[in-house]
Number of protein chains: 2
Amino acid sequence: MMFSKACEYGIRAAVYIALQSLDNRRVSVNEIAEEIDSPVAFTAKILQQLTRNNIVHSVKGPTGGFEIDREAMDTVKLSKIVKAIDGDKIYVGCGLGLKECNADRPCPLHDKFVDIRTDLRTMLQSTSLYELATGLEVGLTYLKR
Amino acid sequence: MMFSKACEYGIRAAVYIALQSLDNRRVSVNEIAEEIDSPVAFTAKILQQLTRNNIVHSVKGPTGGFEIDREAMDTVKLSKIVKAIDGDKIYVGCGLGLKECNADRPCPLHDKFVDIRTDLRTMLQSTSLYELATGLEVGLTYLKR
DNA sequence: TCAATAAAGGACATTTTTGTCCGAATAATA
DNA sequence: TATTATTCGGACAAAAATGTCCTTTATTGA
């Protein structure tokens, strides 16, 4: 609706990893894909991106898997994940697809989009993985279905 | 960023047609594509959808083309165009791609999305083609570049 | 040291979106 | 009536997004 599939999986995966890391559990791609109901191999690709961008931490070999340290859960905001996967088109692009569209030379929808986009950006920049993971932990929210 | 390319072109085309219809000018696909800077043949396809959905009116043959009558400019809101081309996923879908996601069983981002989505829907449902066309007419907004 | 387990990475496959091309249908006008 | 300009519709093509498979690399623990 707003993010690519890859980004949706990425966010769900990161939140699940955060949740498990709160219990000091490292999780494998297989477990993640199972728990967030996503295609395994594709999810693995996305996790690679998250790892390269230092959003999650990965460990190879037996007992390996993905984890997020407690500090990163606070500092990593959704905006970082979205940017790593979908780039900054959500923030930058014109709603009607014009290459140049700004207050000086706005498309017909420019002003109407400004507020919505600002709200979206603010939300993404202020929402941490920790916040999302704890909602899950308490059973208030879900990652499947 | 938010709409498909097809939808972006569709909105731009509709606004341009509305603008020209204010001058009682019927416009061809070629002129439209030229003026909104979009691929001609693809734009033609999208115009077919708009026609089938009674968003614009088309006339075949010489002197033919597309037009929107003055009344429709007021009654046709952006929401109708978006729905005709992109369906209702903007309104309905879950931000994280869950099949089932609602107040009872929300995804971790559900509440945070509610407001943004409501604002978006309200904006689309209240913005008419007339409003957008007149902004263009006065030279306040642009459809190209 | 060796077997097993997990992520990393590259090549490939499928699906969806975006985009093109061309013939048919329609209507104006000379 | 013939010509011409236009939309309509179907088939096709290209590009991007989504998704799979398999080999390599790292690491653990027996």
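The values are calculated or read from the model by the stated rules, or taken from the named source; none is laboratory data. It should be emphasised that the depicted structure is a prediction, and the values quoted were computed from it without experimental measurement. Neighbour counts run over all protein chains shown; Cβ positions are idealised from the backbone, glycine included. Side chains included, ligands, DNA and RNA excluded: accessible areas come from the protein's heavy atoms. Shrake-Rupley method; radii C 1.70, N 1.55, O 1.52, S 1.80 Å.
Before moving on, here are some points about what is shown:
- 3J(HN,Hα) along the range A:6-21, derived from phi through the Karplus expression 6.51 cos²θ - 1.76 cosθ + 1.60 where θ = phi - 60°, amounts to 3, 5, 4, 4, x, 5, 4, 4, 4, 5, 5, 4, 4, 4, 5, 5 Hz, with x in place of Gly and Pro.
- In whole percents, the pair-distance distribution calculated for the range B:1-112 from its alpha-carbon pairs, binned every 5 Å from zero, is 2, 12, 21, 19, 15, 9, 7, 7, 5, 3, 1, 0.
- Rg over Rh for the protein assembly as shown works out to 1.07, using Cα positions for both radii and the Kirkwood form for Rh.
- Compared with the alpha-carbon gap, the fully stretched path from B:ALA41 to B:ASN102 is longer by 18.0 nm at 0.36 nm per residue.
- Interface burial for B against A (accessible surface, 1.4 Å probe, total of both chains, Å², rounded to 100): 3800
- Accessible area expressed per residue, chain B, with surrounding protein chains retained (probe 1.4 Å, Å²): 47
- At most 13 other Cβ within 10 Å, DSSP loop - GluC sites (Glu not before Pro), the range B:98-145: B:GLU100
- Number of partner chain Cβ atoms within 10 Å, mean per residue of A:1-12: 5
- Note on surface exposure: B:PHE42, A:PHE113 rank B:PHE42, A:PHE113 by accessible area, highest first, 1.4 Å probe.
- Inter-label distance, B:GLU71 to B:ASN24: 1.9 nm, where each label sits 7 Å from its Cα along the C-beta direction.
- Note on exposure: A:ARG25, A:ARG117, A:ARG105 ranked by accessible area (1.4 Å probe, complete protein assembly) read A:ARG25, A:ARG105, A:ARG117, with the most exposed listed first.
- Each of B:LYS60 and A:ASP88 was given a label point 7 Å from its Cα along the Cα-to-Cβ line. The distance between the two points is 5.0 nm.
- For the range A:40-106: Kirkwood Rh in Å [reciprocal of mean 1/r, alpha carbons]: 14.3
- Heavy-atom accessible surface of A:CYS107, to the nearest 10 Å², is about 0 Å², with a 1.4 Å probe and all protein chains retained.
- The residue list B:ALA72, B:GLN20, A:SER28 was ranked by how far each Cα lies along the charge dipole of the protein assembly as shown toward its positive end, using unit charges on Cβ atoms, and A:SER28 comes out on top.
- With all protein chains in place and ligands, DNA and RNA left out, the 1.4 Å accessible area ranks A:TYR142, B:TYR9 as A:TYR142, B:TYR9, largest first.
- For B:LYS45, the lysines whose Cα falls under 29 Å of its own Cα, not counting residues fewer than eight places away in the same chain, are A:LYS5, A:LYS89, A:LYS99, A:LYS112, B:LYS5, B:LYS60, B:LYS77, B:LYS80, B:LYS83, B:LYS89, B:LYS144.
- Fraction of accessible area attributable to carbon and sulfur, the range A:1-82 (%, probe 1.4 Å): 48
- Across all directions, the average flat footprint of the convex hull enclosing the Cα atoms of the range A:57-145 is 8.8 nm².
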